[in-house]
Amino acid sequence: MNKSVVEKLMWSIAFPGFGQYLNGKLFKGTFLLIIEILINVQANFNQIILFSFHGEIGNAINHANYQWLMFYPCLYFFSMWDAVKDAGGGGKSHYSFLPYVFSAFFVTVGLILSSNLTIFGGVLLGGPVWLPILFVLPGLITGIIIKKIITILNKPSRS
């Protein structure tokens, strides 16, 4: 990835919609930004981030509105993929979206499990912020592997 693509990816990680602004996609960026703010407010996301950073996982779980929070991973990873694609970083492969899609899926699964996944006899594992973040890496790896497999299977054979 070139510097411009990485910059747009990083701004999308910071705030969905910012990568689109840098790509000159003002309507799309504004739409993603408004949707992000709506989901953030309705899910109490900033409050649960604060609780999570203070180690108050139980409070984070109690304050999370999971019905709204479930939308966040797909919005977040779509915004990143779209910014990278529009910046010219994803157009070479037909399957460049797969790492983003599988990351969104795995993070959503992590979010679903976050309110009751425990270790060592009852210690909550991560809550609605940290556990989903831990699920990014397996999602990314799965998406990369599946992308490679599909790419290999779709290569024209030499006859």
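The values are calculated or read from the model by the stated rules, or taken from the named source; none is laboratory data. On a predicted model such as this, the values are computed, not experimentally measured, just so you know. Every residue, glycine as well, gets a Cβ built from its backbone with ideal geometry; the counts of neighbours run over all protein chains shown. For the accessible areas, the whole protein counts, side chains as well, though only heavy atoms, and no ligand, DNA or RNA atoms are used. Shrake-Rupley method; radii C 1.70, N 1.55, O 1.52, S 1.80 Å.
General observations
- Any hit, the range 37-50, residues being farther than 30 Å from LYS147 by Cα, more than 16 Å from the chain's Cα centre (by Cα) and not in a helix (DSSP H, G or I): yes
- Residue among TYR72, TYR95, TYR66 that alone is closer than 15 Å to VAL129 by Cα, surrounded by fewer than 21 Cβ atoms within 10 Å (Cβ to Cβ) and touching a residue at least 12 places away in the same chain (Cβ under 8 Å): TYR66
- Residues satisfying the stated conditions in the range 8-35, i.e. open to solvent by 90 Å² or more (accessible area, probe 1.4 Å) and not aromatic (Phe, Trp, Tyr): MET10, LEU26, ILE34
- When residues of the range 12-34 are limited to those that are touching a residue at least 24 places away in the same chain (Cβ under 8 Å) and within 16 Å of ASN46 (Cα to Cα), the one farthest from the chain's Cα centre (by Cα): PRO16
- Of all residues making up the range 51-75, the number that are outside any helix (DSSP H, G or I) and closer than 18 Å to ASN116 by Cα: 5
- The range 115-139, subset at pLDDT below 70 and not in a loop (DSSP other than H, G, I, E, B), residue nearest to GLU56 (Cα to Cα): LEU124
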